[in-house]
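The values are calculated or read from the model by the stated rules, or taken from the named source; none is laboratory data. Computed from a predicted model, the values in this text were never measured in an experiment. Ideal geometry is used to build each Cβ from the backbone, glycine not excepted, and the neighbour counts take in all protein chains shown. Note: areas computed on protein heavy atoms with side chains; ligands, DNA, RNA excluded. Shrake-Rupley method; radii C 1.70, N 1.55, O 1.52, S 1.80 Å.
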Amino acid sequence: MSRRIHFKQKPALALIPSAQAAINTAAQSTSTYTMLPLGAMLLAGSMGAMAQETPGTAASAAQAKTLAPVAVTEQAEGKDSLRATTTSIGKGKQELRNIPQSITVVTEKLINDRNLDTLKEVLHSTAGVTFQAAEGGEEDIRLRGFSLASTGDIFLDGMRDPAFYDRDTFNNDRIELLRGSASMLFGRGSTGGAVNQVSKPALLKDETEITTTVGNHNFRRLTADFNIKTADDAALRINGMYTQATNNGAGSSIDKDGLAANYRFGIGSKDEFSASLYSLDNRNGMNYGIPWIKPKASDSQSANTLINSLDPSAYFGMASDQNGGNANMGSLAHIHRFGVDTELKTQIRKGRFQRDQRAGTVRFAGTGVQPAVDLGNFSGSTVFARGTQLKVQDMDTLNFQSDLSSKFDALGVGHEVVTGVDFSREEKIVYSALSVAQGGVNLVKPNTTAGRPDDGASVDESLRAFREGSNFVAKAYGIYAQDLVQIAPAWKLLGGLRYDSMKGNYSTYAVPTAATTPVTTTSYQQNISNWSKRFGVLYQPNPLHSYHFSYGTSFNTSADTYSYNANSANTDPESSENIEFGAKLDSADKRFNTRLAIFRSTKLNERNTDPDTAATRLLLSGKRHTAGLEIDVSGRITDAWEMWGSYMWMPVARVDKAASTATTVGNRVGDRPGLSPKHSGSFWNTYQFTPAIRAGVGINFRSAQSPADVTAPAWEAPSYATGDLMAEYTVNDQLSFKANINNVTNKLYADALYRGHYVPGAGRIFQLAMTARF
Amino acid sequence: MLLHIPHILTPDEVQYAQGLLVDAPWTDGRASAGSQAQAVKNNEQLPHDCEAATQIRALLLRGLDRNPTFFSAALPKRVFTPRVNRYSGISNFYGPHVDNAVRFAPDTGQRVRTDISCTLFLTEPEAYDGGELVIQDSAGPQRVKLPAGSLVLYAGTSVHQVEPVTRGARLACFFWIESMVRSQEQRQLLFDLDTHLLRLRQQHGETPETTGLTGTYHNLLRMWADT
């Protein structure tokens, strides 16, 4: 008998002595193939055929003998697959098929395959998302045509993540988009939906992955991912990132670094703890925007279009312009498992964010310098003037959240209950630059010409003097409960209710224009309490198909902008509702799934200015809605062909009611709101030609769309489609090379739109990455 | 019958299987248990169609293919899809139970009578505390804890349990066999005869006596087997 056999207690095995002897000799005899037991001679070599294997699994079992082993596991899907089956967006981990709402999940594999380094690039590669080039230069993201309220609906691991930094994907396991009203889950906001970033968790394995990327525009990026198993049930994961480039393809330089660490212990046990630190420091430049141009100076502004002769990467801002910002967060989490089906997850996060943006509009110099500019006379000598737009602000957040999820049977039916409470404190301080009269400086930025991009001119931004301009503090809490009831074998009912309370305090500090003192302080307060609902029906006739109907509400307050005025502080929240019919359909082998939804999102009572100037509050008389169809596909069509796609057709976007004073396009009755293209989407597919070679091709597209809030008549940015290519060569498990060309044709298109300007999307980007794993 | 068969998987294969299971999509094991077992079952299982389960199954079936002792002892006719389970943390035991007599494979529609139960250990015994497979044999409770890659084969009729795992995780693959020889006693006699006959053949070579006894083995098998 082998020495390795381990007996816990004697007698351990009632082995038949003679049989054991025979085993030993049989083991010897197999090595020489001389003698076999009779039973073995009768039967050997046929186990696979005897086992209950489905054709698909039998085939893959056969392949396992010839192909190099590929470890594909569902939990690590993000790194290994374009498809995802679970999400944490609905509070607690849930199967996607059990959430009666449209969700698009962008996995780490897709993020890596397509070279998506920032959250904006990820969102750009999904359907239904558009960007407003807001005055602040922030990413005002629109989903289904509704603003995510200056990114107030962006979440990190289920907790609100403020708008104050350009997010990098180096620590993202996946990005989840929940479309439609979702205040039941997230509290205020989320008319169009919510975006959740999921951080990379420490896993119980030792693995290191280091990727070095170089590209055009002097692009250099280094990311390192260390996963260290420190004990049987504990692990540490550290992710680091450093990126530099002279141009991101759309006129902005890149200079940033980040570090994230997660330590978990008690993984999978009754009490699991997690501690995380995150730090990102951006010293990027920015392209504030390029002015729209008319074909002929005498044309109406409805003919406005892009300056097609400019390269997308052309930059006309100052060398001293910057889009600095940093984020520092510390989080603690604890999961207590009462049993297999009940767990309590508690998280607390403290965050500090700083934004220091000093950039400016680029505009055609006035008629004192040159005749009115149009496409006919536009040339390399056309003069651009450069303005000043500053945004210096700090944000301080504290979030606490505790969610209890449980599965149980009661009253003869199965329940899946999720309930919880959350508290938050957000403080935002906005700094204003002093004018010369107030003791500041007036930095004059020189003009440049269209023929001289990157002229290198700079001003000394450090001379500006800032003082606190306003202070906003919001304290909020929410309490919610949701139950998913299995009412019949194929039917589930979902009901959820949430109560939110928020107290907002806002003070502005006005400095007289001609002196430094005294400062006038004006304060506003607002107290909000509101209910949000969600209701859904799920029909799941088999494990492959799930159909849903859902109704959800959400609300957003005038505090979304982190400021109040005399009227807005007195105004109740806006509310919205989302109705959706949808289906999630898996292929028979569950490797491929399709998600379809027909939706209607309505903002029921939009804020408007009262024509009666004596009003003490805004009117809530507006109404608008969007309706359309969404289709997502993801997974493997064959073993070698993997695909991901997201498409939205939104034929309906309409303002239903408006204030009599509404004049701008997209706000009058019957208008189609800006930034709501009829068609938008993205597709990506890869093919594994040989075990070593994989190639991918993709497309991003948007149909024509108008900027928001334009004085009539409006114009449209042309529709566009850009193509992406990827080729990957895997030397072995330890080393691989990947080349990406994004926007292959160097297409110039307006990615972010504003009434005064557009920000082009990145032109052709070529990058080569080397990944080492050990 | 309670039989231990070492080295079904090589150390490399064991390591590969363990790697597959690091982040596998474990689900609650109660989903696959009968109503009596549900009350006592508290472990985790892999969905039978997930990639990790498929690959481990392929490894196991290959391991069985090259093991003559297994065939001689089990005389298998059908094998119910091998499954993978984990006992750790708070999902750490499976109380005393008897396996369902007949298993129905929904994908093929085939029924398998569970004459023989098999457990292949995938974790080294040093890596966890507890987790003994306790089988109520005619000779009293037998406590089994084997090296990774080893298999235990026992009568499906016996009451058995997995004791709580108090440290680490116990990974194992388990499956059932419908044998060509339904009777446990007959199967045991055939195995005894086969193993003794093999020793005779190895000691003395093929003789008229071994040829005669080989005939007896085949005739008994012909009498008892149902193919």
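Computed quantities for the displayed model
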quantity: Residues located in segment B:43-93, provided they are closer than 30 Å to residue A:271 by Cβ, open to solvent by less than 20 Å² (accessible area, probe 1.4 Å), more than 7 Å from chain A (Cβ to nearest Cβ) and not hydrophobic (A, V, I, L, M, F, W, C); calculated: B:43, B:45, B:85, B:87
quantity: Segment A:590-626 - residue that is modelled with pLDDT of 90 or more and surrounded by fewer than 17 Cβ atoms within 10 Å (Cβ to Cβ) and, of those, nearest to residue A:145 (Cα to Cα); calculated: A:600
quantity: Strands (runs of 3 or more DSSP E) contained entirely in segment A:685-762, each with at least 2 residues that are modelled with pLDDT of 95 or more, surrounded by fewer than 19 Cβ atoms within 10 Å (Cβ to Cβ) and under 23 Å from the mean Cα position of the chain (by Cα); calculated: A:693-702, A:720-732
quantity: Of the criteria (1) of a type outside the set (Val, Ile, Thr); (2) surrounded by fewer than 22 Cβ atoms within 10 Å (Cβ to Cβ); (3) part of a loop (DSSP other than H, G, I, E, B); (4) at the interface with another protein chain (Cβ under 10 Å from one of its Cβ atoms), which one residue B:99 fails; calculated: (4)
quantity: Flag if residue A:412 is out of contact with any Ser or Thr (no Cβ under 7 Å at 6 or more places or on another chain), at pLDDT below 90 and open to solvent by 40 Å² or more (accessible area, probe 1.4 Å); calculated: yes
quantity: Residue check, residue A:425 over 30 Å from residue A:268 (Cα atoms), modelled with pLDDT of 95 or more and open to solvent by 30 Å² or more (accessible area, probe 1.4 Å); calculated: yes
quantity: Residue A:352, sole failed condition from (1) open to solvent by less than 60 Å² (accessible area, probe 1.4 Å); (2) within 34 Å of the chain's Cα centre (by Cα); calculated: (1)
quantity: Selection count, segment B:133-153, where residues are more than 8 Å from chain A (Cβ to nearest Cβ), over 19 Å from residue B:68 (Cβ atoms) and part of a strand (DSSP E or B); calculated: 6
quantity: Within segment A:213-237, considering residues that are closer than 19 Å to residue A:282 by Cα and without any contact (Cβ under 8 Å) to a residue 40 or more places away in the chain, the one farthest from the other protein chains (Cβ to nearest Cβ); calculated: A:218
quantity: Cross-chain or 6+ apart pairs with Cβ under 7 Å, segment A:185-196 first and more than 21 Å from residue A:122 (Cβ to Cβ) and of a type outside the set (Gly, Ala, Ser), then outside any strand (DSSP E or B) and open to solvent by less than 10 Å² (accessible area, probe 1.4 Å); calculated: A:188/A:557
quantity: Whichever residue in segment A:260-317 is basic (Lys, Arg) and surrounded by fewer than 19 Cβ atoms within 10 Å (Cβ to Cβ) and, among such residues, is modelled with the lowest pLDDT; calculated: A:270
quantity: Where residue A:209 falls short, out of the listed (1) assigned to a strand (DSSP E or B); (2) crowded, with 19+ Cβ neighbours inside 10 Å; (3) charged (D, E, K, R); calculated: (2)
quantity: Within segment B:182-218, tally of residues that are surrounded by 11 or more Cβ atoms within 10 Å (Cβ to Cβ), within 27 Å of the chain's Cα centre (by Cα), more than 10 Å from every other protein chain (Cβ to nearest Cβ) and assigned to a helix (DSSP H, G or I); calculated: 3
quantity: Test: residue A:97 is in a strand (DSSP E or B), open to solvent by 10 Å² or more (accessible area, probe 1.4 Å) and modelled with pLDDT of 75 or more; calculated: no
quantity: Residue selected from segment B:70-84 under the condition more than 15 Å from residue B:178 (Cβ to Cβ) and modelled with pLDDT of 90 or more, by the criterion nearest to the chain's Cα centre (by Cα); calculated: B:84
quantity: Selection within segment A:433-455 - open to solvent by less than 50 Å² (accessible area, probe 1.4 Å) and within 35 Å of the chain's Cα centre (by Cα); calculated: A:433, A:450, A:455
quantity: Pairs with Cβ under 7 Å, 6+ apart, first in segment B:87-102 and in contact (Cβ under 8 Å) with a residue 60 or more places away in the chain, second open to solvent by less than 40 Å² (accessible area, probe 1.4 Å) and aromatic (Phe, Trp, Tyr); calculated: B:93/B:87; B:99/B:176
quantity: Among residues of segment B:102-118, those that are more than 10 Å from chain A (Cβ to nearest Cβ) and within 15 Å of the chain's Cα centre (by Cα), counted; calculated: 6
quantity: Single match in B:141, B:147 (criterion: more than 22 Å from residue B:26 (Cβ to Cβ) and open to solvent by 10 Å² or more (accessible area, probe 1.4 Å)); calculated: B:141
quantity: Qualifying residue in segment A:636-649 (condition: at pLDDT below 90 and surrounded by 17 or more Cβ atoms within 10 Å (Cβ to Cβ)); calculated: yes
quantity: Residue in segment B:109-126 that is open to solvent by 10 Å² or more (accessible area, probe 1.4 Å), of a type in the set (Phe, Trp, Tyr) and outside any loop (DSSP other than H, G, I, E, B) present; calculated: no
quantity: Answer from A:674, A:681, A:670 - the residue that is assigned to a loop (DSSP other than H, G, I, E, B), open to solvent by less than 50 Å² (accessible area, probe 1.4 Å) and within 16 Å of residue A:131 (Cα to Cα); calculated: A:674
quantity: Matching residues, segment A:550-573, being open to solvent by less than 30 Å² (accessible area, probe 1.4 Å) and over 25 Å from the mean Cα position of the chain (by Cα); calculated: A:564, A:568, A:569, A:571, A:573
